[in-house]
1. Can you list, by residue number, the Cys in chain A that have no neighbouring cysteine C-beta under 4.7 Å?
2. If you count, for each residue, the other Cβ atoms within 10 Å and average over each peptide, how do B:193-204, A:101-112 line up from highest to lowest?
3. Take residue B:33 and residue A:150, extend 7 Å from each Cα along the Cα→Cβ direction, and tell me the distance between the two endpoints in nm.
4. Give me the one-decimal nm value for the distance between modelled label points at residue B:407 and residue B:472, 7 Å along each residue's Cα-to-Cβ direction.
5. Sort B:292, A:116, B:268 so the one with the fewest other Cβ atoms within 10 Å of its own Cβ comes first.
6. Does anyone have the angle between helix A:51-69 and the longest principal axis of chain A? Alpha-carbon axes, 0 to 90°, nearest 10?
7. In nanometres, what is the gap between the two model label sites at residue B:71 and residue B:48, each 7 Å from Cα along Cα-to-Cβ?
8. Nearest 0.05, what FRET efficiency do residue B:490 and residue B:451 give at R0 = 56 Å with Cβ-Cβ as r?
Amino acid sequence: MRTRDPHIEGPTALSSGLIGCEICGRAVSVGAETCTRCGGRLPRSGRRSTDAVWAWLFAGMIFYIPANLYPMLIASQFGSEQASTIVGGAIDLIDHGSYAIAVIVLVASVVIPITKFAAIIWLCLLVRGRGEASSHRALQLYEVVEFIGRWSMIDVFVVAILAALVQMGFLASLQPGAAAPFFALSVAFTMMAARAFDPRLIWDRLGGH
Amino acid sequence: MTDPTPPPPPKVELVKSRRVSLIWLIPLISVGLALSLLWSEYRSRGPVIEIRLATASGLKAGETAIRYRDVEVGRVEELSFAEDLDGVIASVRMSPEVAPYVDDDATFWVVRPEVSAQGISGLETVISGVYIAGDWDAEKGVRQASFEVLDQPPLTSSDTPGKRVKIRAADGGSLSVGAPIFFRRVEVGRIETKRLTADGDAVEFDVFINAPHDQRLTPDTRFWNVSGVDFSFGAEGARMRVGSLVSLLQGGAAFENLSGDTSTVVEKGHVYILYPTERDAREKTLEIDPGKLLLLDVYFEGSVRGLSIGGPVEYQGIRVGRVTGIAAEIDPAASRFATRTTIALSPQRLGLADEDVEGALSFMKRLTANGVRAQLTSGNLFTGALIVRLIQGGALGPDEIEEREGRNPRMPSIPTDLDELAGSVEGVLRRVDALPIEELLDNAVQLLANTNALIGSDGTRALPGNAAAALEALQVLLSDPALARVPGEVETLVASLNTTIDSEAVQGTVRDLAVLASDAAALSTALRENDVAAETAAAIAALRARLEDPALGQLVVSLDQTASALTTLLSNPAWADAPAEVNATLASLRAILDDPGTRAAPEELAAAIGAARSLLDDFKTAGTAIEIAAAASAARELLADPSLRRLSTETADAAAALRTLLAAPGAEDLPASAARAMSSAALLMDEIAAKDLAGATADALAEIEGATAAVRAAAAAAPALIRSLTSTAERADDLLASVQVGSELNYETVTAIREIRDAARAVSDLAQLVERNPSAFILGK
């Protein structure tokens, strides 16, 4: 049973047949293709479709697979090369006793991306009317996802910086592995998916009518 | 104020877009990209091969690389145990571009840091870790999935031009893997592997000969070992060869094409025999495998000292085998010690087919049935080394080779002729030793003593005095004035003789004499024809023998007596009248010659000669010559009569008795009598100083003295000579040491020089002995 909260219930722009241009803020009637002021494209239905979210999400998930199968970092020391994947590197760190760093790596590279995939899927399903959840909770989740998603790039940044710094020839050198670009793409596509999500859809399901 | 009512909200229709958004291209492209990456990754994965190793030392799964020409062509993906846990299997992912070439000829080995005689290799793996190196040729073949890793890296990479052949040796010797192969002392290849053959009878080496030298390998090529120092000291003398420094460390082999025909080149993998030495290779005496040789046991009587393993076995001067074993054995039946010598005969050297051991055995049986036996003989006079010789010396018959269960057949032997052997060296010494030097010296000493006694006898001493007295008397006689007239008388006599001779009658007599002489010549010819001369010669020889009889010693005494008598006679006063009487005689002779009767004498003489001539004619005709020959023969018989010989013997006995008598009077008298003899000899010398005898004796003594001086000088010079000989020997030693150490000639020269030095020392010792005690040289003590 939904509680009827007068602050939440009530007229919205859409219920008035208007949508706001996301670029210049002009209220345009629903159905217009472009903004009458700035000419920016407007979603014909007044809300952005979740198709884009799904598309970006799938792309990100696909790239996440090779990102975990290929080595992230190739370290060569005295001529002997050691290639390690993301999880393998974390396990190596645990073996060496660096639990904190291992946790950071695991969280940033494994927990966060997977949580993001799950969160976005859940949000998309939620706005389709599946599942019960507080719209406030959904919005908080969405904000967290959008905020934290970029931090997954820390892995890629670390690899890039180390590969640039640790170039001591025969003694030691680090090179980014094949997984690095895949991981970067995966994170980027997930961020695109988060951005493509229209948070107003969370509220639209409450219905204005 | 109008309450503007908001315009009615337009009819909003949330149209569901049925159109598929373009945004879906992104995941599609992503999928495509990912799939293409996976596909290319899959395509770029080569096949997995398995390399089997004894241990995985230094290998790491996922890290250890496979390199070909130092380029990574694969990586060890997994290390696992072999099924039977006796090895490690490395699964290697090969790169697809080289995978087709990794066929059955591919070899793999682990590159580790290694320090060997060839140098240091694999140093980079100290830091980077080991890797597996692979080598294969550039031909695609049937892919093979599993390989054995090599213990040692191959020394020659597969694409090096050249040829691999095999050499077999009786044992591994000093050859090690990596040892060089020489051709005319130039390195042309290397030994790659060394292993026992399957049956364990020989050692086989894989040898790689670099192109273009591999074209020199023909069926007639022979390989021999040149490892390090080859020093042999056997029946053939001493020889030494030193190879290169590398071959000292690692060994080495050399080959040469003996036939000189290089048109036939052997195939890859041809098997050669490795001979122990160059000489063996050139003589082709060898026998690699004991199974292909006929082994015989020979039991020699006596010592086998000097016989060495490897020593030759000869038959009719040809080397047919070698000694392979010398051992002691207790003969349980006879309960005595026996030396068993094992000899190996090469069927090929016996002129039979290679490896025909049975044929060789039956051949040897035939030989022994024909009396051939094994015998130890001297192989080298200097070293005293012995060799085994198969020699014709036993009895003919069924004494064949005894075949024994579980042991080598036994070959009969004959005793060593070591006496003859030693005789060759010692015989000369023995013969020198056997010379009757002592007796000779004894005889010489006795001769001298007898001469002494003869010279020192009273009769001899009186002889010069008597002779002098006789001469004196003769001089007195000659200085008589009456004698001075004799020449005149004689002259007159000669003149009258001349007159007589000039007379016709005398001339006729001369003519008759000439005829007589020619007749005499004819007679002498006849005599000669009748061997009268020979008979006479024999008679004269017998006569001479008698005259030379020792009894002549008495002659001196009688001569002495005659001389005394003569002296007495000459000193008789009656002799003083002699000249006058001679004169008178001559005068009367003249008167006689002047007498008409004498004048008639020539006619009568002529008549007498004529009668003599007719007599000679009678001789000739009446065979008187033969009678004379008979008479001479009888005379000879008379001379050869045993009684005469007995007389000589008796005389000799008498002389011997005399000698005994001379020796008998006691040793104490001897020096005194010797002194007396010497003084009397001196007296005699003085007295007959003018005589030739004294002069000759003096000359002889002077010569003896000179000879002694020469001997002494020689003895004095001997040490210097010896020193110079010694230094020469030492210099020769040095020279030999500095020059190539090696040939048999050198060794024998050294030995000869040492012997010369020893001989010089012996001469030196002898000289010193003579110097200290010269009489020893003469007296033989």
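FYI, it's all coordinate maths here, none of it is from the lab. Owing to the predicted nature of the structure, the values given are computational and were not obtained by experimental measurement. As a convention, Cβ positions derive from the backbone with ideal geometry for all residues, glycine included, and neighbour counts pool all protein chains shown.
1. A:124, each lacking another Cys Cβ under 4.7 Å.
2. Working: B:193-204: 13.8, A:101-112: 17.7.
Peptide ranking by packing, descending: A:101-112, B:193-204.
3. Once both label points are built, they end up 2.2 nm from each other.
4. 10.3 nm
5. Values: B:292 17, A:116 25, B:268 11.
Lowest to highest Cβ neighbour count: B:268, B:292, A:116.
6. That helix lies at roughly 10 degrees to the long axis.
7. Placing both labels 7 Å along Cα→Cβ, they lie 2.6 nm apart.
8. Values: r = 45 Å, r/R0 = 0.81.
Result of the calculation: an efficiency of 0.80.
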